[in-house]
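Student: Below is the structure I would like to discuss, written out as structure tokens.
Where a number appears in this text, it was derived from the coordinates with a stated rule and is not lab data. Treat the numbers as computed from the prediction; the structure is a model and nothing was measured. Backbone-built Cβ (ideal geometry, glycine too); neighbour counts: all protein chains shown.
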């Protein structure tokens, strides 16, 4: 983002909005235009935490599974780890 000057992804916010809607929190599920500043910031914080949870969870899963698949070269193990780590990006199909 910093090097190319592009804006941040809207996907984490959309995912937080979708999860809020599924959980029944109507205030968080509203479009951004209808939210006050405090609620916008809260939803942005939840979206950031979803990103952290995604990265931490995939790393933990990789750490748990790796001892059992020692025969797999590091390159292929790393490629296999990218799938779960990109789950929020893949979730855009659910959101859209």
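Student: In what sequence, highest mean first, do 17-24, 33-40, 64-71 appear when ranked by Cβ atoms within 10 angstrom?
Tutor: Per-residue Cβ counts within 10 Å, averaged per peptide and sorted highest first, yield 17-24, 33-40, 64-71.
Student: Starting from the Cα of residue 72, step 7 Å along the direction of its Cβ; do the same at residue 30; then give the gap between the two resulting points in nm.
Tutor: Those two pseudo-labels are separated by 4.5 nm.
Student: Once label points are set 7 Å from the Cα along Cα→Cβ at both residue 40 and residue 23, what is their separation, rounded to one decimal in nm?
Tutor: 2.1
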